[in-house]
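A short worksheet on the structure shown next.
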Amino acid sequence: MRAREVDEQEQLKGGSFKWGVDAIQSSSDADSSKKSEKKIISLNKSTGNQGIEKCSRDYVETSQGPWVTRRIKARSLANKGWQRLDPPGGGWGLFGWHTVPLDAKEVVVTEGEYDAMAVYQSTGRPAISLPNGCRSFPVEMLPMLERFEQIILWMDNDGPGQEGAEVFARKLGPQRVLAVFPTGSGTPKDANDALRSGLDLSDLLNRAVHIPHGRIATFADLRGRVLHEIMNPNEYAGVPVSSLPSLTKIIKGLRRGEMTVLTGATGSGKTTLLSQMSLDMAEQGVGTLWGSFEVKNTRLLKKLLQQFSRDSLPVTADGQEEALQALSDRFEELPMYFLKFHGSVSLLLCFNVVFCVSSL
């Protein structure tokens, strides 16, 4: 991302990112060369970059700032669920954003990084990927896409991917959003699969269509998803609770769009069981949100950390502070969130927070 875009994203969260003039002004040891640079940048900003051709390298560097590494995502080739984000709590960027010219009016948005590379390699069209899969489109990233007249979504050709396309189309504005819906025998799962199969990606993009109204559907609209679910039942079985295989065998995992209610007497182990289940979900890369209105978050986190360690917590009095810090570092990487509510709270306020977290 460009420095200006990082600053705009941080401002939406109540922060800021200093660059250009601001960074120079905040530096107490700026030398004379930096002061000269400050004057040049100030002049260009105040005059609207007159004299510099729009979209030229000098114009972009002056108005948008240098490229900034927003976040690093490392993922295993053997198992997509094994990944690490560095820093764990950092901001989000869009992979492939550097391929998008400043004057571009169209962009292709894919579900994964390999898909974005496939589109760009095959067609030369600007292509970016979602930050973290088909359910990840943080609201602070929406301003980056405001300037595009047309956005083509190419999500994975499965249930979660197509559901994600519908949700993102509503966020981005259905009038300017098209979606790629490959049909027929040998339908590719995604853009990378299409490239490896020797298909014409430009043709598939040119056949992108508007997503139908969310409240009206025909079998033709749902046919692909229905057949996919019939032929790939394991993908719809839900996320397994790997540490509790007997429970998984009974409930078939936790499925998207369903609500599971767990009840029991005080002290019967509800929190302990849910803690274990949430750790299982988070370790598989599934974002988990805790709403603990009776148990304080600090006490809950101590229990979670204990279960995450699979052993007794290191005692700092025994000189094991380094081991405790290392355990905390690994725990911090889990996609786990906690509501800051305790006691009674407005249901509407709670739902608003949950909605915001669902886009992370």
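The values are calculated or read from the model by the stated rules, or taken from the named source; none is laboratory data. Computed from a prediction, not measured in an experiment: that's the story for all the values here. Heads up, the Cβs are rebuilt from the backbone with ideal geometry, glycines too, and the neighbour counts pull from every protein chain shown. Calculation scope for accessible area: heavy atoms of the full protein, side chains included, ligands and nucleic acids excluded. Shrake-Rupley method; radii C 1.70, N 1.55, O 1.52, S 1.80 Å.
Just to be sure, is residue 302 modelled with pLDDT under 90 and open to solvent by 80 Å² or more (accessible area, probe 1.4 Å)?
Values: modelled with pLDDT under 90: no; open to solvent by 80 Å² or more (accessible area, probe 1.4 Å): yes.
No.
To keep it simple, each residue is scored yes or no on (1) more than 18 Å from residue 159 (Cα to Cα); (2) of a type in the set (Ser, Thr, Tyr); (3) touching a Leu at 6+ places or on another chain (Cβ under 7 Å).
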{"site": "189", "(1), (2), (3)": "no, no, no"}
{"site": "195", "(1), (2), (3)": "yes, no, yes"}
{"site": "206", "(1), (2), (3)": "yes, no, no"}
{"site": "224", "(1), (2), (3)": "no, no, no"}
{"site": "234", "(1), (2), (3)": "no, no, no"}
{"site": "238", "(1), (2), (3)": "no, no, yes"}
{"site": "248", "(1), (2), (3)": "yes, yes, no"}
{"site": "257", "(1), (2), (3)": "no, no, no"}
{"site": "263", "(1), (2), (3)": "yes, yes, no"}
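Among the numbered criteria (1) small (Gly, Ala, Ser); (2) under 24 Å from residue 84 (Cβ atoms); (3) part of a loop (DSSP other than H, G, I, E, B); (4) under 24 Å from the mean Cα position of the chain (by Cα), which single criterion is violated by residue 257?
(2)
Within the stretch 203-239, track down each residue that is in a helix (DSSP H, G or I) and more than 21 Å from residue 165 (Cβ to Cβ). Spell out how you get there, then give the answer.
Start the filter on the stretch 203-239 by keeping residues that are in a helix (DSSP H, G or I), which leaves 203-206, 219-231, 233-236.
The answer is 233, 234.
So if I check each of 169, 194, which one is in contact with a strand residue (DSSP E or B) (Cβ under 6 Å, 6 or more places away or on another chain) and either under 24 Å from residue 286 (Cβ atoms) or not in a loop (DSSP other than H, G, I, E, B) (or both)? Give the derivation first.
Working: 194 fails: in contact with a strand residue (DSSP E or B) (Cβ under 6 Å, 6 or more places away or on another chain).
From the options 169, 194, the qualifying one is 169.
Does any residue in the stretch 122-134 that is open to solvent by 20 Å² or more (accessible area, probe 1.4 Å) and outside any loop (DSSP other than H, G, I, E, B) come within less than 6 Å, Cβ to Cβ, of a residue that is of a type outside the set (Lys, Arg) and at pLDDT 85 or above six or more places away or on a different chain, and which pairs are these?
From residues that are open to solvent by 20 Å² or more (accessible area, probe 1.4 Å) and outside any loop (DSSP other than H, G, I, E, B), the pairs are 122/195; 122/201; 123/201; 123/202.
Just one of 268, 344, 275 is more than 24 Å from the chain's Cα centre (by Cα), at pLDDT 85 or above and not hydrophobic (A, V, I, L, M, F, W, C); which is it? Explain how you work it out, then say what you get.
Numbers: 344 fails: at pLDDT 85 or above; 275 fails: more than 24 Å from the chain's Cα centre (by Cα).
Result: 268 is the single residue among 268, 344, 275 that is more than 24 Å from the chain's Cα centre (by Cα), at pLDDT 85 or above and not hydrophobic (A, V, I, L, M, F, W, C).
If the requirement is being in contact (Cβ under 8 Å) with a residue 24 or more places away in the chain, among the aromatic types (Phe, Trp, Tyr) and over 18 Å from residue 205 (Cβ atoms), which of these qualifies: 168, 137?
On the way: 168 fails: over 18 Å from residue 205 (Cβ atoms).
Exactly one of 168, 137 is in contact (Cβ under 8 Å) with a residue 24 or more places away in the chain, among the aromatic types (Phe, Trp, Tyr) and over 18 Å from residue 205 (Cβ atoms), namely 137.
Which condition number in (1) closer than 25 Å to residue 86 by Cα; (2) open to solvent by less than 60 Å² (accessible area, probe 1.4 Å) is the one that residue 330 fails?
Looking at each condition in turn, residue 330 falls short on (2).
Tell me the residue from 248, 271, 260, 288 that is loosely packed, with under 11 Cβ neighbours inside 10 Å and hydroxyl-bearing (Ser, Thr, Tyr), please. If you could, list the steps in order and put the result at the bottom.
Numbers: 248 fails: loosely packed, with under 11 Cβ neighbours inside 10 Å; 271 fails: loosely packed, with under 11 Cβ neighbours inside 10 Å; 288 fails: loosely packed, with under 11 Cβ neighbours inside 10 Å.
It is 260.
Kindly list, by first and then second residue, each pair from a residue in the stretch 323-341 that is farther than 16 Å from residue 132 by Cα and part of a helix (DSSP H, G or I) to a residue that is open to solvent by 30 Å² or more (accessible area, probe 1.4 Å) and among the β-branched types (Val, Ile, Thr), limited to pairs with Cβ atoms under 7 Å and residues at least 6 apart or on different chains.
324/316
Specify which of the listed residues (234, 206) is free of Cβ contacts under 8 Å to residues at least 12 places away in the same chain, closer than 25 Å to residue 105 by Cβ and not hydrophobic (A, V, I, L, M, F, W, C). Explain how you work it out, then say what you get.
Values: 234 fails: closer than 25 Å to residue 105 by Cβ.
Going through 234, 206 in turn, just one is free of Cβ contacts under 8 Å to residues at least 12 places away in the same chain, closer than 25 Å to residue 105 by Cβ and not hydrophobic (A, V, I, L, M, F, W, C): 206.
Considering only residues that are open to solvent by 10 Å² or more (accessible area, probe 1.4 Å) and of a type in the set (S, T, N, Q), look in the stretch 135-161 and name the one that is farthest from the chain's Cα centre (by Cα).
The extreme case among them is 150.
Taking the stretch 240-254 only, how many residues are assigned to a loop (DSSP other than H, G, I, E, B) and either more than 24 Å from the chain's Cα centre (by Cα) or of a type outside the set (Val, Ile, Thr) (or both)? Let's see the steps before the verdict.
Residues of the stretch 240-254 that are assigned to a loop (DSSP other than H, G, I, E, B), as a first pass: 240-244, 252-253.
Still in the list and also either more than 24 Å from the chain's Cα centre (by Cα) or of a type outside the set (Val, Ile, Thr) (or both): 240, 242-244, 252-253.
The number of residues fulfilling the criteria is 6.
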